[in-house]
Every structure is written in structure tokens, then in C-alpha cells.
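The values are calculated or read from the model by the stated rules, or taken from the named source; none is laboratory data. Source: prediction; values computed, not measured. All Cβ positions, glycine included, derive from the backbone under ideal geometry; neighbour counts span all protein chains shown. Surface accessibility is based on the protein's heavy atoms, side chains included, excluding ligands, DNA and RNA. Shrake-Rupley method; radii C 1.70, N 1.55, O 1.52, S 1.80 Å.
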Amino acid sequence: MTTKDAVIIGGGIVGVSLLYYLARNGMRNVLLIERNYLGSGATGRCGGGIRQQWSTEINIKLAMLGREIFANLSDELGHDIEWHSGGYLIPVYTEEFAQQARKNIELQRKLGLEVELLKPEEIKSIVPQFNPADVILATYCPTDGHANPFKTVFAYAKAAQALGTEIWEYCEVQSINRKGTCYEILTPHDTVATPILVNAAGGWANIIAKMIGIELPTTPYRHEILVTEPVEHFLDPLIISFDGDYYFRQEHNGGIVGGMGNPDEPPGINHRSSLHFLIEFSHKLAKAMPILRDVRIIRQWAGLYLMSPDSQHIMGDINGIDGYYQIVGFSGHGFMLGPISSKLLADYITDGKRSEFIDAFSYRRFEEGTIQKEVSVV
Ligand SMILES: Cc1cc2nc3c(=O)[nH]c(=O)nc-3n(C[C@H](O)[C@H](O)[C@H](O)COP(=O)(O)OP(=O)(O)OC[C@H]3O[C@@H](n4cnc5c(N)ncnc54)[C@H](O)[C@@H]3O)c2cc1C
């Protein structure tokens, strides 16, 4: 039997960043358990986008703090995470979303975010190759950006290990028994006893929660994505459209990586790729960026969004279940909001620091019925 002060289940961006922040706060006898390799879940499959352009006050504030972390992370962790502050451009195609975009911008500016409202003809000053046909307006925030998900995960993991924490990869949590104030976690490697258990299992979080008798209000959905062959660097911002239902950006090596949602996607854990996505998204990409029409697609894959009822994550503890914490349900934005949320949760676990974010993203909002849906999502 191994004994630890805390155990984190899940080696995605959320788990590894939490491991690092707990260690930085002085809690070092901590173990992270990952059933596959680090980043093998949604994190290593995601678009790597980091934006502050949200529709709710709490998400804008959290994202601004989160962006600060990314901008300084290569220096802090001592590994290059390929942070690129190329901005986010958000074209809008319908009057309903245009109204929402105007409201968003007002709130974002009030909170101190630098964001521009562009007429369709002004978009070319940001991205000359973009096709503005059918666009009503666009918003643009130059301080948004993107980073490399794998490099970010490895940088956090290495920094956390250097502080004395431990990571078990290729080790699946099979069951959890609660014994008094202690959790016994069964894995093929060993049984681990701990007073603090954190569920950071991404799309599999419901399965982990069920092991200790908790029903989460979250649902996993497949999201597909692809990458093209590398082309010469020409695209700085990540371009995302909520009503156009697409997003894409250029990677460090030149490939264009992008995807879209699918309103007809059934819930469930599914990592298969579809021809439907390949065809639909290719059309959207070629329409938005005609210059990419003849670029070859080299690979497509899929990952999981763990959707919550208000498209916002759930973090903190649950009344009556001592020592259990969760940081789950990031929907489509856990890469950008994962590190800041982990940092806040680490402060809560180690020092009992209860920030406004711990309250806002608590599980309790579903019991109290105080939810406000985030609408700026693909
Ligand atoms: C196609 C796509 C594009 C996306 N684009 C973006 C984007 O541009 N920006 C953004 O911010 N977000 C994006 N997201 C969302 C983002 O990827 C996720 O919200 C985020 O990665 C969640 O991180 P996580 O650590 O919670 O989960 P994960 O990365 O899924 O990590 C959870 C880990 O838990 C492990 N695990 C599960 N069960 C067990 C078990 N029993 N025992 C041990 N380990 C277990 C899994 O193997 C997995 O590695 C995208 C997602 C997808 C699918």
C-alpha cells in the first residue's frame, strides 16, 4: 500500500497543472494517476486556443487571469510551450449573434479587456486572406493566443516532478473505497491510501465520480478536429465563429488545425473519426479561407468535450463528502481555463482560500439553481 497526502486522477492539462500548483504551495507528497500517457485525453487532441472573449463576467475575469499564466509559463516552467499571442478573430454571420457580440464587447471592455468591433471590410486589415462574405461584423482581441497542448502538459509535469511529486502513467484507477477519512484507490500497480482525492478525469470524470457514489450533471460528447500539411506562416489569430460553427489556427510548424461542433452528435465516449466531419469542415475552411482550398489534409482525430448544463466547469468540494474535490466539465475550453482553475483549486485545498471563482464554479450552483449559461462556445 502506498500512502499519499493527495491523489489526482487524470493526466491532462487540469491534472498536471494542479499537481504543479499543489507542489508549489508546499504539498509535495502527491501522486497523479493517468491510465494512458500524459495528454492522451482531450488535452492532447485539442486546438490549443486561449481566449478572453467570453459572455459572462466571471468567465472573462477568469480567462484574463488564465491568459496571464500562459503568457509567462515558458519562463516559469523552464520549457517552451509555444505560446503565441496572435489574437482571436470572431466573425459573426447572424443578427442574433451580432447582438450578443455587441453585448459581450461592452462587458469585456468594462472589465478592462482590449477588444475591437470590426466591420466586414475591416477584417482584411487583420487577416488579408479571410473571406468576409456573409459576415455582419467581427470581434478581435489581440492579446488572446494559443499554445502547444502537449508541450504545456509536459512542462507542467516536469516542473511538478522536480518539486518532488510523483506520476504513474499507464495505470488505470479501477475502483475507490472510502474508509473513514481515507480513500483507498485500487490500481494494477498498487493500492493508494489518501485523505484527499481529486477527480480531474476529463471525459471520464462521471465514471470516477460514480466510484464514490456521486452523479455528476456532465455528459461527454465527441468533437472532431483535423490538421493540414504545413504551409508558410501567414495566420496569426485563431479564427472562431460561434454561429458559423468552425475554428482554426496555424500551428508553430505551419499546419492549419481546426474543427467544428456537430449539433447531432449523440452523447457518449467515442473517439472515431467521421467522413461527415472531414467533408463538412473542409467546406467551411475553404469558404472562410479560399487560399487553403488546395492544401492537403494530413490527419483527423477526435476527443471528448465533457459538457456541463451551463457549459462551465465544476470545481471544488461537495457538501458532506470530506476530502473529495473535482475539477471537471470544462466543456470546450479546459485547455485555456484549466491552469488558472487548478491554481485556484490548489489554493483552496492547501490554504482554504475561497475566491469568488471557487463559489461561482461550485457544484452547489446546480443544487441552488443559480446557473447562467455561457453562450460563446462552439
Ligand atoms: C477537438 C477538441 C478541440 C478543443 N479545443 C480547445 C481549445 O482550443 N482551447 C481549449 O481551451 N480547450 C479546447 N478543448 C477542450 C479541452 O481539450 C478540454 O476541456 C481539456 O483538455 C480538459 O482537460 P482535462 O485535463 O480535464 O481532461 P483530459 O485531457 O481528457 O484528461 C483526463 C485524463 O484522465 C485520464 N483518465 C480517465 N479515466 C482514468 C482512470 N480511471 N484512471 C486514470 N486516469 C484516467 C484520461 O486518460 C485522460 O488523460 C478542445 C477539445 C477537443 C476534443
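Give the peptides 191-200, 46-55, 367-376, 94-103 in descending order of average Cβ contacts within 10 Å, highest first.
In decreasing order of mean packing, 191-200, 46-55, 367-376, 94-103 become 46-55, 191-200, 94-103, 367-376.
Quarter the surface of the alpha carbon convex hull of the stretch 127-186 and you get the mean projected area, 9.9 square nanometres. For the residue pairs K151/K373; K119/K151; K353/K373, alpha carbon separations beyond 28 Å are given by K151/K373; K119/K151. Sites listed here are chymotrypsin sites (Phe, Trp or Tyr not before Pro) in the stretch 160-240 whose DSSP assignment is loop and whose Cβ has at most 16 other Cβ atoms within 10 Å: Y170, F234. Nonpolar atom fraction for the chain, defined as the carbon and sulfur part of the 1.4 Å probe accessible area, stands at 50 percent. Taking all Cα-Cα distances within the chain, those exceeding 36 Å account for 20%.
Over all orientations, the stretch 20-158 has a Cα convex hull whose mean projected area works out to 10.4 square nanometres.
Indicate the gyration tensor shape class of the stretch 314-378 (rounded, prolate or oblate), computed on the Cα atoms with a ≥ b ≥ c the square roots of the eigenvalues: a/c under 1.5 is rounded; otherwise a/b larger than b/c is prolate and the rest oblate. The partial results should precede the final answer.
Values: a/c = 1.96, a/b = 1.27, b/c = 1.55.
It comes out oblate by the Cα gyration axes.
Each peptide in 118-128, 6-16, 32-42 gets a packing score, the mean of other Cβ atoms within 10 Å over its residues, and the list from highest to lowest is 6-16, 32-42, 118-128.
Translational diffusion coefficient of the stretch 59-104 at 10 °C, 1.306 mPa s, Stokes-Einstein with Kirkwood Rh over Cα pairs, in µm²/s as a whole number.
On the way: Rh = 13.0 Å.
Rounded to a whole number, D works out at 122 µm²/s.
Working from the Cα coordinates of the stretch 94-232, the gyration tensor eigenvalues give, after taking √(5λ), semi-axes of 44, 20, 17 Å in decreasing order.
The convex hull defined by the C-alpha atoms of the stretch 248-358 has an orientation-averaged projected area of 9.9 nm². Summarised as an ellipsoid, the stretch 1-94 has semi-axes of 30, 16, 14 Å, derived from the eigenvalues of the Cα gyration tensor scaled by 5 and square-rooted, with the largest first. Leaving out same-chain residues fewer than 8 places away, which aspartates and glutamates sit with a Cα under 15 Å from that of K284? Within the straight-line cut-off, K284 pairs with D134, E224, D243, D245, D294.
Summed over qualifying helices (DSSP H, 4 residues or more, each -39500 (n - 2.57)) and divided by its residue number, the chain shows a 222 nm mean residue ellipticity of -9500 deg cm²/dmol.
Using a ≥ b ≥ c from the Cα gyration tensor of the stretch 219-286 (square roots of the eigenvalues), is it rounded, prolate or oblate, where a/c under 1.5 gives rounded and otherwise the larger of a/b and b/c decides, a/b for prolate? Display every interim value, and only then the final one.
Working: a/c = 2.11, a/b = 1.82, b/c = 1.16.
It is prolate, given that a/c is not under 1.5 and a/b is the larger ratio.
Near L89, the amide H atoms lying under 5 Å from its own belong to L238, I239, I240; only residues 5 or more places off or on other chains count, and H is placed 1.01 Å from N.
Mean sequence separation of contacting Cα pairs (under 8 Å, at least six apart), scaled by the length of the stretch 151-198, corresponds to a relative contact order of 23 percent.
Tell me the per residue accessible area of the chain using a 1.4 Å probe; a whole number in Å² is fine. Please list the in-between numbers first.
Details: 15460 Å² over 378 residues.
Per-residue value: 41 Å².
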